[in-house]
Amino acid sequence: MIIGEYKTDYGQDEGIWNTWAKKLGFVVALLLLLLIPFIGNDYQLLMAGQIAIFVIAVVGLNVLVGYTGLMSLGHGAFFALGAYTTVALHQFFPHLFPLITLIISMVVAGFFGFLFGLPSLRVKGLYLAVATLSANFIVLFFIRQDWLEHLTGGRGGIETPNAYFFGTELITNQQKYFLIVPIAIVMFLFAQNLFRSRFGRALIAIRDNDHSAEILGISLFNYKLKSFVISAAYCGAAGTLWAYFFPAILPEDFGLNMSITLLICLVAGGMGRSLGPIFGTILILMVPELLKMGAFYFSEGNASAQIYFSPIRDIVFGLMIIGFLIFEPMGLVSIWDRFWRFINRWPFAK
Amino acid sequence: MLSVQEASLSFGGIHALSELTFEAKQGEITAIIGPNGAGKTSLFNIISGFYKPQAGRVFFQDQDITHARPDKRAALGIARTFQNIALFRGMTVLENIKLGSHSRLKSGLFDSGIYYGAARREEIALRNELERDVIDFLELDHIRNLHVATLPYGLQKRVELARALALQPKVLLLDEPVAGMNREETEDIARFILDIQERWNTTILLVEHDMSMVMDISDQVIVLNFGKQIASGTPKDVQNNPAVIEAYLGTSAKGAA
Amino acid sequence: MGQFSQYVMNGIMNGSVYALIALGIVSIFKSTKVVNFAQGHVIMFGAYFYFTFSVMLPEATFMPDWVLKWEPEWLAAYKEGALMFSPKAAIAGWVNNLPRIILGIIGAVICNGILGLLIERVFMRPLLGQSSFAMILCTIGLIWVLEGSASLIWTADVDQVPPLGPNFPIRFTLFGEQVFFFSASVVNFGLALFLFGLLMLVLRFTRSGVAIRATAEDQSTAYAMGINVPAVFSSAWVIASTTGAFAGAILASRNGLSPTLGLFGLSVLAIVLMGGLDSFLGVLIAAMLVGIFESLTQWQLGGEIAEIVPYVLVLIVIIWRPNGLLGQAEIERI
Ligand SMILES: Nc1ncnc2c1ncn2[C@@H]1O[C@H](COP(=O)(O)OP(=O)(O)OP(=O)(O)O)[C@@H](O)[C@H]1O
Ligand SMILES: [Mg+2]
């Protein structure tokens, strides 16, 4: 039995923070995020920063794959474009304000998102997956070229700049945390809001039934491309923060493996659900760390056993993705839902 | 108001429509009848833009829309329902209905992402309007928050009608709105259709196999067979037209009659 | 002109290997509607199995010597006085290797067949009826499982594997210029085309071929007609993995062994889409086109650009024809 909801106008019904539990949860989460930089050690802050960056990218991917129903195996390319744009910009303007870099990266990645999205007007499903995968290979190919080496470092990779925030260089993970996490929160909320009104509703309609969406007045051309642009811009933003966060980048960092990892985070968390990217990214980025610890523990620091680590991590990842598809196709969010349903109904029913 | 001129549409060797010409008058209910495969749904498809006719033109309010994209036609005020229900199955009734009003709303990407402000105002205004003009009107208030996939067939059809109505259409195309319904449900829908016509002066095109309903509510009837118009006129004229009787009962019936 | 035809012919020979790999992807797609992103990795397993049975096993102490090197008397007589790199020496060397080549092929085909069966049963069967998105992701997950397992199983340094055919250079003049091949490439080419043709004949004329085609047409009707659809699915995976074993052996002898061999699968996937997923002929044409273009770009623009040729071509082709060169458009109704 669900306890009644009391609302006096439709505005209240349209709200999303409509139960006390949700309000409380949001406040607690914000407080936790504020506390982490003061209680976490450097390693934990490294993980936290990395997770926040990935969350941005996966939230973006969710807009395209989860909500619009278009497949992409090429989002690593947008990540790369964001990161390399940042590096290139800082060569000319060493102290560029990070938010400006961020916006330029998003525009650049968004423009390429537009180009990647053009095939989506003609091809669907698998064909689109392979088209985006191809585009990813092509983008990385150009980044590796010698004639762009002065900007990109070519195949040898390049060192990345630090962000300057009003004259302070952000060096420690703690300092960077305060740049990354607020941006992640704002971008997360923006994406979540999209699906509360006209724009996001149109995307979901395209996912559910593109022909009837079009006949209801939703321009497929317009919305599919915008969806591509948004998700690419999110990955571009993640790329910028990635460049600020890590000391160097290589073209290989952004290949198919990256694109697939982003997808796995999304599937593990739950596609087309706002909390999915958060749950999925935390799980997927924590697993290798746990494995690493386990490997270290079992091999008692024996270095020769460490060579087994990377194949085992690959196998675990592969099995996890398949396991989710078979046993929990809606991702971690559906476990979360079951938990809350249980809490809501307790003690009246199970 | 809405007219089709010498439109032809074929799939490989099948001529779904051949040089079909007809016109629907403002504020009237025009019924389109004909045996299975006569081309009725195809006609709706060229009006709403899902297919483009290979020859001929489609006019809406004196504007040539033959080559307009489907979403543009919706924005002009053409709404339809589908013979095989085409609801958004993952969504609730309310969300489906809101989608119908997509082309009337304004908030874009940034309004939507920021939400508080323009998008929220628009959303609440829309909600109030839909509750009054669509949900109450079609008696859907008890199911507005249910997922459409869980609803029985008859209600799903009614939600589709609601979604089309949310567009505030000037022309409403209804493809077999009462197929598979019992007498009582059929009468409900017939009453809704007449109410819509009366309340908003909407031009309605109705494809339906239920002859008693067609004869009861329509102002004009057009009979198709093999993609051609074989008769048209008031319900009474059409009922007594020998060509129509032949199309429905086959040639052998003529000898028997 | 001679140079040109040399590169075109190289391209056709490479293309035939692509076609053989693509064959697996198409047969799985035709019967199960699953597009196997991991086909390249199944082939990589074939390559490693071939290595295991043609190199590791013959070298084991318990194996009789003649498996590693077969030296019957007549062969010694035949070899008498043959020059190094002459066809005669190459053929003799090939006969030396024949027992382990045969052992390698048989072992690879059997083991890879079992692998295909296992994948279908354990990973794909539970997903039956799910969206194609889920299926694609599942095969992507498979990529990681297979890649990881291969580097766990075959940790030792890998050796050369014996080529499937005798390997000597063939030279002749064409349009007034020297043209040049390795005979092993010609053997690979013939083998790939033979297997491709064989499978098409099997699908056309045998009972199980008809069952596969019926399932491809309409799964539920096939069920209703008494066709054992799950068995069809298994057999499609077995066909793909056994033909993949041959492709693996060819690749191992041509490109060497490494866990990254599987990446071939992705460029072949591009080829398959270019040809049109459900058309064997289209895929064959696309494979040859890509082979030729790759080899011509290599000649004119260098090896690096050649890497992205399949990806550029597939983009052009599917924007121009969204269902590939010869693929059938899906009829959409409302
Ligand atoms: N996409 C398509 N591809 C091939 N043929 C089609 C297609 N759409 C319609 N047809 C054919 O066109 C003809 C007219 O079909 P249509 O759906 O317009 O008939 P209808 O009058 O609506 O019939 P019903 O009363 O059964 O709904 C039929 O022969 C049909 O098979
Ligand atoms: Mg019809």
Would you confirm, using the coordinates I've provided, whether C:F49 is under 30 Å from A:S72 (Cα atoms), aromatic (F, W, Y) and touching a residue at least 60 places away in the same chain (Cβ under 8 Å)? no
Check the range C:133-155 and report whether any residue there is surrounded by 15 or more Cβ atoms within 10 Å (Cβ to Cβ) and either acidic (D, E) or away from chain A (no Cβ under 14 Å) (or both). yes
Which is within 16 Å of ligand 2 (Cβ to nearest atom) and more than 17 Å from the chain's Cα centre (by Cα), of B:G37, B:G56? B:G37
Would you be able to tell me the number of residues in the range A:207-229 that are surrounded by 24 or more Cβ atoms within 10 Å (Cβ to Cβ), touching a residue at least 12 places away in the same chain (Cβ under 8 Å) and more than 7 Å from chain B (Cβ to nearest Cβ)? 3
Based on this model, can you work out whether B:R80 counts as touching a strand residue (DSSP E or B) at 6+ places or on another chain (Cβ under 8 Å) and facing chain A (nearest Cβ under 7 Å)? yes
Mind checking which residues of the range C:50-83 are of a type in the set (D, E, K, R) and either within 16 Å of C:I153 (Cβ to Cβ) or in a loop (DSSP other than H, G, I, E, B) (or both)? C:K69, C:E71, C:E80
If A:W147 passes every condition in (1) within 22 Å of A:I204 (Cα to Cα); (2) open to solvent by 10 Å² or more (accessible area, probe 1.4 Å); (3) not acidic (D, E) but one, which one does it miss? (1)
Take the residues of the range B:139-171 that are out of contact with any helix residue (DSSP H, G or I) (no Cβ under 7 Å at 6 or more places or on another chain), without any contact (Cβ under 8 Å) to a residue 24 or more places away in the chain and outside any loop (DSSP other than H, G, I, E, B): which is least open to solvent (accessible area, probe 1.4 Å)? B:T150
Which numbered condition A:Q175 misses (of (1) under 22 Å from the mean Cα position of the chain (by Cα); (2) open to solvent by less than 50 Å² (accessible area, probe 1.4 Å); (3) farther than 26 Å from A:S120 by Cβ): (2)
For the range A:318-350, the count of residues that are open to solvent by less than 90 Å² (accessible area, probe 1.4 Å), part of a helix (DSSP H, G or I) and closer than 14 Å to A:L283 by Cβ equals 9
I need every pair where a residue in the range B:38-52 that is in contact (Cβ under 8 Å) with a residue 12 or more places away in the chain and under 16 Å from B:T81 (Cβ atoms) has its Cβ under 7 Å from the Cβ of a residue that is more than 9 Å from ligand 2 (Cβ to nearest atom) and charged (D, E, K, R), sequence separation at least 6 or different chains. B:F44/B:R80; B:S48/B:R73; B:S48/B:R80; B:G49/B:R69; B:G49/B:R73
If you go through the range B:1-15 one residue at a time, how many are within 27 Å of B:M215 (Cβ to Cβ) and surrounded by fewer than 24 Cβ atoms within 10 Å (Cβ to Cβ)? 4
Scanning the range B:212-252 for residues that are of a type in the set (D, E) and more than 23 Å from the chain's Cα centre (by Cα), which turns out surrounded by the fewest Cβ atoms within 10 Å (Cβ to Cβ)? B:D237
I'd like the full set of residues that are small (G, A, S), more than 9 Å from every other protein chain (Cβ to nearest Cβ) and buried (at least 16 other Cβ atoms within 10 Å of the Cβ), limited to the range B:91-138. B:A118
Quick check, is C:F293 surrounded by 24 or more Cβ atoms within 10 Å (Cβ to Cβ) and under 21 Å from the mean Cα position of the chain (by Cα)? no
Please verify whether A:Y164 is among the hydroxyl-bearing types (S, T, Y) and open to solvent by less than 20 Å² (accessible area, probe 1.4 Å), treating the condition exactly as stated. no
For the range A:35-49, does any single residue satisfy the condition of being open to solvent by 10 Å² or more (accessible area, probe 1.4 Å), within 14 Å of the chain's Cα centre (by Cα) and small (G, A, S)? yes
Give the range A:62-95 a look and list any residue that's part of a loop (DSSP other than H, G, I, E, B) and free of Cβ contacts under 8 Å to residues at least 60 places away in the same chain, or say none. A:F93
For A:F142: the one exception among (1) within 11 Å of another protein chain (Cβ to nearest Cβ); (2) open to solvent by less than 60 Å² (accessible area, probe 1.4 Å); (3) of a type in the set (F, W, Y): (2)
Can you name the residue in the range C:296-310 that is open to solvent by less than 80 Å² (accessible area, probe 1.4 Å) and under 19 Å from A:L256 (Cα atoms) and is also nearest to the other protein chains (Cβ to nearest Cβ) among such residues? C:I308
Could you say whether any residue in the range A:304-314 is within 20 Å of the chain's Cα centre (by Cα) and of a type in the set (S, T, Y)? no
Could you list all residues from the range B:21-60 that are away from ligand 1 (no atom under 12 Å from the Cβ), open to solvent by 10 Å² or more (accessible area, probe 1.4 Å) and within 14 Å of another protein chain (Cβ to nearest Cβ)? B:K52
Please pick out the residue among C:L266, C:L251, C:L201 that is out of contact with any helix residue (DSSP H, G or I) (no Cβ under 6 Å at 6 or more places or on another chain), of a type outside the set (F, W, Y) and open to solvent by less than 10 Å² (accessible area, probe 1.4 Å). C:L266
Close pairs from the range C:311-334: first over 20 Å from A:L73 (Cβ atoms) and more than 10 Å from chain A (Cβ to nearest Cβ), partner assigned to a helix (DSSP H, G or I) and open to solvent by 30 Å² or more (accessible area, probe 1.4 Å), Cβ under 8 Å, at least 6 apart: C:L325/C:I285; C:L326/C:L281; C:L326/C:I285
Take A:L133 and decide whether it is at pLDDT below 90 and in a helix (DSSP H, G or I). no
Can you pull out the residues in the range B:182-211 that are within 16 Å of ligand 1 (Cβ to nearest atom) and surrounded by fewer than 20 Cβ atoms within 10 Å (Cβ to Cβ)? B:H209, B:D210, B:M211
Residue list for the range C:254-308, filter: hydroxyl-bearing (S, T, Y) and either without any contact (Cβ under 8 Å) to a residue 60 or more places away in the chain or closer than 21 Å to C:L195 by Cα (or both): C:T260, C:S267, C:S279, C:T297
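Table: residues versus (1) within 20 Å of A:Y234 (Cα to Cα); (2) at the interface with chain C (Cβ under 10 Å from one of its Cβ atoms).
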residue	(1), (2)
A:P94	no, no
A:I104	yes, no
A:V108	yes, no
A:F112	yes, no
A:L115	yes, no
A:L118	yes, yes
A:R122	no, yes
A:L126	no, yes
A:L133	yes, yes
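The values are calculated or read from the model by the stated rules, or taken from the named source; none is laboratory data. Remember, it's a predicted structure, so these values are computed and weren't measured experimentally. Cβ coordinates were reconstructed from backbone atoms using ideal geometry, including for glycine residues, and neighbour counts include every protein chain displayed. Side chains included, ligands, DNA and RNA excluded: accessible areas come from the protein's heavy atoms. Shrake-Rupley method; radii C 1.70, N 1.55, O 1.52, S 1.80 Å.
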